[in-house]
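First comes the structure, then the notes that go with it.
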Amino acid sequence: MLRRLEEFLGAHAAKYERVAHQEAFTAPEEAAAAHVSGWSWAKVVIVKEREGFAMAVLPACCAIDMDRLKGLIGLGEIELASVEEILQTFPGCELGAIPPFGRLFGVPAFVEEGFVNQRDITMPAGDHRSAIRMRATEYLRLTEPRRGQFAVHEGKTFTVHVKPPASPGDGNRRSCAL
């Protein structure tokens, strides 16, 4: 676990659980290694925007709709950060294992609304062998992110954002098989 993250969580009296897992390198692989649904594992994507960098946090089983994220950020064009830029901006983190706490690194965080609707969420802790799990409400307290809808399920067989049912018993609900 990244020492800087551990200090941040301690300084904010965070309630969390450490999760050790087999080494994995993609968000879906890490979710599987930690025995967690892709809906509740944080995928962190770093983008460049007009004022610097921003952190997008979404479920591991989703991809970013860059146009929606651009609208949420509201500062014009955005693009994915390069490997070199990520390594420089997030020191001590293994590539692909950045903890989703923008405040920890001085960058704004934008979180997918559907992700923080989960009761518990699990996230990388700076390396490919450890993670932390906490209530979504605790994550929101610690991060104070801007929330929005910018994720698209990678399978594209169902939407991430489901409209409320028209009437009780309506079958229009999100489901996800592991």
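The values are calculated or read from the model by the stated rules, or taken from the named source; none is laboratory data. Model, not experiment: these values are computed from the prediction. Cβ coordinates were reconstructed from backbone atoms using ideal geometry, including for glycine residues, and neighbour counts include every protein chain displayed. Accessible surface areas use protein heavy atoms only, side chains included; no ligands, DNA or RNA. Shrake-Rupley method; radii C 1.70, N 1.55, O 1.52, S 1.80 Å.
Give the label of the value calculated from the structure for Rg/Rh (Cα atoms, Kirkwood Rh), choosing from [x] 0.96; [y] 1.12; [z] 1.17.
The value matching this structure is [x].
Report the label-to-label distance for Arg141 and Ser82 in nanometres (one decimal), using points 7 Å from each Cα along the Cα→Cβ vector.
Here the modelled spin labels are 4.1 nm apart.
Give me, ordered by chain and number, the residues 5 or more places off Glu113 or on other chains with an amide H under 5 Å from its own placed amide H.
Here the answer is Gly148, Gln149, Phe150, since their amide H atoms fall under 5 Å of that of Glu113.
Multiply the residue separation of Asp120 and His12 by 0.36 nm, subtract the distance between their alpha-carbon atoms, and state the gained length in nm to one decimal.
Result: 37.0 nm gained on full extension.
List, largest first, the extents of the alpha carbons of the stretch 54-107 along their principal axes, each in whole Å.
Sorted largest first, the three principal extents are 30, 26, 20 Å.
Could you give each residue of the stretch 89-95 its phi-based ³J(HN,Hα) in whole Hz, using Karplus coefficients 6.51, -1.76, 1.60 with θ = phi - 60°, and x for Gly or Pro?
So the J values, rounded to whole Hz, are 7, 10, x, x, 8, 6, 4.
Quick one: how many lysine pairs does the chain have with C-alpha atoms less than 22 Å apart and a gap of 8 or more or different chains? Give me the count, please.
Counting lysine pairs in the chain gives 5.
When the helices in the chain are scored as -39500 (n - 2.57) per DSSP H run of 4 or longer and the sum is shared across all residues, what 222 nm value do you end up with, to the nearest 500 deg cm²/dmol?
Result for the chain, helices only: -6000 deg cm²/dmol.
May I ask you to compute the full-extension gain from Arg3 to Gln149, defined as 0.36 nm times their residue separation minus their alpha-carbon distance, rounded to one decimal in nm?
Length difference between fully extended and current span is 49.4 nm.
When the solvent-accessible surface of protein heavy atoms is calculated with a 1.4 angstrom probe, in what order do Thr122, Thr89, Thr137 fall, highest first?
Thr137, Thr89, Thr122
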